[in-house]
Amino acid sequence: MQRIVSLIPSATEIVSALGFREQLVGRSHECDFPPGVETLPICTSPKLSFEGSSAEIDRAVKQALSEAIAVYDIKQDVLEDLAPTMVI
């Protein structure tokens, strides 16, 4: 049996729509659909504060990406504990 971790909401929805919801063992902090996935362990966290105006958030994201820094952190310890066979 596959052990799937999804790191983006659209992937979580696709995995579930394809009939593999029961094989999901972890998710991103943003995954909230389909119902029930919110009970899965969270494998990511935001690096930036997403408070403020849209323009302020846009500037912060662009700045982080211009420095080749990811916008999210991966929780390595959680990922290792889950021992996924597939990360999407």
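Annotations
- Think of it as helices only: each DSSP H run of n ≥ 4 in the chain is worth -39500 (n - 2.57), and spread over all residues that comes to -9500 deg cm²/dmol at 222 nm.
- Rounded if a/c under 1.5, otherwise prolate or oblate - the chain, Cα gyration tensor axes: prolate
- Surface composition of the chain: carbon and sulfur atoms hold 57% of the protein heavy-atom accessible area at a 1.4 Å probe.
- For Tyr72, the residues whose modelled amide H falls within less than 5 Å of its own, excluding neighbours fewer than 5 places apart on the same chain, are Lys47.
- Pair Ile14, Ile74: separation of 7 Å Cα→Cβ label points (nm): 1.7
- For the chain, a crude dipole built from +1 on the beta carbon of Lys and Arg and -1 on the beta carbon of Asp and Glu, taken about the Cα centre, is about 180 debye to the nearest 20.
- Counting only protein heavy atoms and a 1.4 Å probe, the chain has 63 square angstrom of accessible area per residue.
- GNM top mover of Glu56, Glu30, Glu38 - the chain, alpha-carbon springs below 10 Å: Glu56
The values are calculated or read from the model by the stated rules, or taken from the named source; none is laboratory data. Owing to the predicted nature of the structure, the values given are computational and were not obtained by experimental measurement. Don't worry about glycine lacking a Cβ; one is built from the backbone with ideal geometry, like all the others, and counts go over all protein chains shown. Keep in mind that these areas ignore ligands, DNA and RNA; they rest on the heavy atoms of the full protein, side chains included. Shrake-Rupley method; radii C 1.70, N 1.55, O 1.52, S 1.80 Å.
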